[in-house]
Each structure stands twice: as C-alpha cells, then as structure tokens.
Amino acid sequence: MNLIQLHEQFFERYGNQEDKPRVFFAPGRVNLIGEHTDYNGGFVLPCAIQYGTYLLIRAATDNVVRFTSANFEFSSEISLSNMNQKVDRQWVNYPLGIFDQFAQLNIPVCGFDLFYSGDIPNSAGLSSSASIEMVTAYALTVMMNATQLEMIDLIKLSQRAENEFVGVNCGIMDMFAIGMGKKDHALFLNCHTLEYKQVALLLEGFSLIIGNTNKQRGLADSKYNERVAECQLAVASLSQRQEISKLGEISFMQFYKIQEEIQDELIRRRARHVISENQRVLNSVASLLKGDILLFGALMNASHESLRDNYEVTGFELDTLVAEARKINGVVGSRMTGAGFGGCTVSLVRNNIVEEFIEKAGKEYQMKTGLKADFYIAEVSDGVYEIK
Ligand code: GLA
C-alpha cells in the first residue's frame, strides 16, 4: 500500500480531510544469530528489514483513543481513563501496553486517531508485535513532544509493555533492532550491558533470504515462557558452584567445568545452547569483520543444530526447510530465526542461485510438509522514523 492509499484509508475511518495525520514507520527484524540469548543477558546479532508497520496518527478532539488497522478487522475505542485494561483481541494490546507505559511514567497523552498498516507476516518470528509497539512509542513521543525520552527509553518501555501488559517474557533484542537498526548493518548487542556496535554487513555476492514456513506458531508464547523459566532453573543450579544471575555471565569453558551442577539433563542442554550460542555470536562478528562468509554460514548452521537438539524450539517444518535449503549448492548457511516453534528461517545464499533456491527449497518443502513456504530477500534497513 502506498502513502496515498494509506491516507485514503485513514480518512475513510476518521474523516476530516483538512487535518492531515503524521506518518511513522517501524521495521520488523531478522535475527542473524544469537537466539534465545537476549533474556539470558547474552549477545545477539539482528538487523532491521524493509518490511514493517506504518502508523498514521492525528490528535483527536476528545479524550478517546481509536485504534484501527488495515490488517485486522477488530478495532477499538478506548477513553483515556480506561487505558490500563487489556482487551480480548491481541493486536490492540500491543499499542495499549505502550499507552500504559506512558501513564506509568506520568507522561501525559491526549486522545488520538490511530491507523496501522503492516506488511510483516504475522506470527512469523519477524517481530510484527515489537514493530507495532515501537512505532506507537516513537509516534507518541513525537506527538507529545516528550523530549525527555531517548530511543533507548522507548526500547526499554516497549519491552516492559510486552512483558507486563501482553504477558510474554521476551528479551530486548527485537525492540533494540527496530529502534537502532541501520541500513546495511547488523547490530551486535550485549543484552546485559546494552552496549552495541553496528557491524557492516559486507555480504558481497550473497543474499539473506527469509523463508516463512507458514506453520502456525500455536502455544508459542507459553512455550517461550517455559524456556525462560528453564534457564532460571539452570542459573539456580550453577549458582551452587559459582554465583551468577544470568547464563550469559559465564563462558563456555567455565560452563564445561561446572555443568554437572545441573542434575536435570534437559535443563543442562538448555544452558548448553545459550552459552554455546553466545560464543557463536562472538565468532560470527569476528568472521563478518574479516569478510569470512563461509565461516559465518557454518556458525549459522551450528546455531540451528543447537536450537534443534539442545533448546528444542525448531520442529518438523523449520527443520525441513533448513535441511532442504542446505542441500542446494550455493547455500552457505541456513537456520531458524526468532523464537522458533514455527515461523521463519534465514539463509545465506549466493546471488546467482537465489531463484533456483526459492524454487527448489519451496518445492521440496511443500512435498514433505504439505505447506507452501514464502520467501523474501531481506534488505537490511534503518530503524523507526517519521516519513515526512
Ligand atoms: C523472540 C523474542 C526475543 C528473543 C527471540 C529468541 O523474538 O521476542 O526477545 O528472545 O524470540 O531469540
């Protein structure tokens, strides 16, 4: 949908063509490596992509906030005094959580007419929810001239909205990538200290291809929270030997020496994934800085194996799409990306075989799973901004 159509849709819903809305955009993200490490205080390497969420916003004349979307039927009108209650349809809770955070920070807001339109596939692990949260937080900051809020504050309050209001104990990676993303760069983030570097993605001759398995991620949120809890159990066991508060605090060598403290074999595997994945992120950054694409691809492959065998968040569809991708000559790495349990893969593919890749991997995947995959060539893009 182009900007003219978005404006038309806004006026269809809210009228008064004289008073124009302002337009904001927040991207989605794809994580290159560093999966399920963020809430463990570890390292991640995501980047913002060209798909995202548009928000058209205009101050209302009353104290009511109206939410509509081009993607979902359900809309909502909520008076400012009732903004701290969840509604029974998912998507409105993402922006509502942001209004709730503004209230908790005592930042005044007025009534608004809001119209959202997104082109990120939903529930695919490309952070459509964080994109809605960040575009709302950024737009409210600009509209209310809340200059005390910096980008890092918007990132943190969006994460709190998701944790406290929506009820998913996610880490900070998605919001961070959406807030701080930079064209043609990946974000190397230490989720414990929040120090970060923008690492140039010099993928000369290669493309990043996102493959959507189109497998519905049923119960994904509860399984995600289960993994968060399992990591906390691992921390408690390891702390008997060495006091830690997050798994990200220890290196793989240290873990190797004290891993027997974790009696439960399953919990030990969960910890092994997180701690080895941290090391893979460090090695990935080093390989990208040297332009060693083949090594980076091998690390992506190893990440998938660990997510499959140790963390157990892949499943038949993700494993199949990854396996089919890797059979094709010219694919140097392929892994699941995001929370898992369905959703997307990301593959590093030589430019001259992109079409062949999409056709072959798609065909084999469909034969084996009965599902049709969608493919997108990722363009690494800037973080949230206003379209002027
Ligand atoms: C989801 C969460 C992130 C992160 C990933 C897994 O996308 O929102 O915070 O934990 O899963 O790496």
State the Cα centre-to-centre distance between region 284-320 and region 351-388 in whole Å. 17 Å
Taking the Cα centre of the chain as origin, work out the dipole magnitude from +1 charges on Lys and Arg Cβ and -1 charges on Asp and Glu Cβ, in debye rounded to 20. 600 debye
Region 299-369: relative contact order in percent, alpha carbon pairs under 8 Å with at least 6 residues between: 31 percent
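Is region 243-342 best put as rounded, prolate or oblate by its Cα gyration tensor, with a ≥ b ≥ c the root eigenvalues, rounded for a/c under 1.5, and otherwise prolate when a/b is larger than b/c, oblate when not? Mind dumping the intermediate values first?
Working: a/c = 2.74, a/b = 1.39, b/c = 1.97.
Oblate is the answer for region 243-342, as a/c is 1.5 or above yet b/c matches or exceeds a/b.
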Provide the per-residue ³J(HN,Hα) series for region 47-53, in order, calculated from phi with Karplus coefficients 6.51, -1.76, 1.60 and θ = phi - 60°, each as a whole number of Hz, with x at glycine and proline positions. 9, 7, 10, 6, 7, x, 10
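Hey, any idea what the orientation-averaged projected area of the convex hull of the chain's Cα atoms comes to, in nm²? Intermediate results must be reported in sequence, preceding the final value.
Details: hull surface 77.5 nm².
One quarter of the hull surface, i.e. the mean projection, equals 19.4 nm².
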Using the Kirkwood radius over Cα pairs of region 304-351, the Stokes-Einstein translational diffusion coefficient at 37 °C and 0.692 mPa s, in µm²/s and rounded to a whole number, is 307 µm²/s
Pairs of Cα atoms farther than 24 Å apart, region 1-130, %: 37 percent
Collect residues whose amide H, placed 1.01 Å from N in the peptide plane, falls under 5 Å from the amide H of Val380; neighbours closer than 5 in sequence don't count. Asp184
Pairs of Cα atoms under 8 Å, at least six residues apart: use those to get the relative contact order of region 85-171, whole percent. 40 percent
Beta bridge orientation in the chain: antiparallel %, DSSP, nearest 5: 90 percent
Shape of region 1-65 from its Cα gyration tensor (a ≥ b ≥ c, root eigenvalues): rounded if a/c is under 1.5, otherwise prolate when a/b > b/c, or oblate? prolate
Hey, can you grab everything whose amide H is under 5 Å from the amide H of Ala60? Only 5+ residues off in sequence or another chain; H modelled, so Pro and N-termini drop out. Gly111, Phe112, Asp113
How many angstrom separate the Cα center of region 132-183 from the Cα center of region 90-126? 10 Å
Dipole axis of the chain (+1 Lys, Arg; -1 Asp, Glu on Cβ), positive-most option in Ala220, Ser76, Val322: Val322
Burial-style ranking of 250-259, 17-26, average other-beta-carbon count within 10 Å with highest first, yields 17-26, 250-259
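Specify whether the C-alpha gyration tensor of region 54-121 places it in the rounded, prolate or oblate class, a ≥ b ≥ c being the square roots of the eigenvalues: rounded for a/c under 1.5, otherwise prolate if a/b is larger than b/c and oblate if not. If you can, show how the numbers build up before the last one.
Details: a/c = 1.71, a/b = 1.42, b/c = 1.20.
It is prolate, given that a/c is not under 1.5 and a/b is the larger ratio.
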Which of the aspartates and glutamates could be linked to Lys20 by a straight reach, that is with a Cα gap under 12 Å, when you skip same-chain ones fewer than 8 residues away? Glu8, Asp113
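Charges only on Cβ, +1 for Lys and Arg, -1 for Asp and Glu: so what's the dipole of region 136-284 about the Cα centre, in debye to the nearest 20? Before the final figure, lay out the partial values.
Values: 17 positive and 18 negative charges, 63 e Å.
Using only the charged Cβ atoms, the result is roughly 300 debye.
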Please list, ordered by chain and number, the residues whose modelled amide H lies under 5 Å from the amide H of Gly181; skip anything fewer than 5 residues away on the same chain. Gly383, Val384
Mind checking which helices in the chain clear 18 Å along their axis (Cα) and have mean Kyte-Doolittle hydropathy of 0.5 or more, DSSP H runs only? 128-143
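What is the local net charge at Arg241, summed over the other residues whose Cβ is closer than 15 Å to its Cβ (Lys, Arg +1; Asp, Glu -1)?
Value of the local net charge: -2.
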Please report the relative contact order for region 35-91, taking Cα pairs under 8 Å with a sequence separation of at least 6, and give it as a percent rounded to a whole number. 19 percent
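Lys and Arg at +1, Asp and Glu at -1: add these up for the other residues within a Cβ distance under 13 Å of Gly211 and post the number. Walk me through the numbers on the way to the answer.
Numbers: positive: Lys215, Arg326, Arg335, Lys360, Lys363, Lys372; negative: Glu317, Asp319, Glu324, Glu359, Glu364, Asp374.
Neighbourhood net charge equals 0.
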If we restrict to alpha carbons, what Rg and Dmax does region 153-214 come to, in Å? 14.3, 43
Local electrostatic count, Asp174, Cβ distance below 10 Å [Lys/Arg +1, Asp/Glu -1]: -2
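Suppose every Lys and Arg Cβ carries +1 and every Asp and Glu Cβ carries -1, with no other charges. What dipole size does region 303-388 come out with about its Cα centre, to the nearest 20 debye?
Numbers: 10 positive and 14 negative charges, 39 e Å.
Computed about the Cα centre, the dipole is about 180 debye.
Bear in mind these aren't lab numbers, they're just calculated from the coordinates by the rules spelled out. It should be emphasised that the depicted structure is a prediction, and the values quoted were computed from it without experimental measurement. Neighbour counts run over all protein chains shown; Cβ positions are idealised from the backbone, glycine included.
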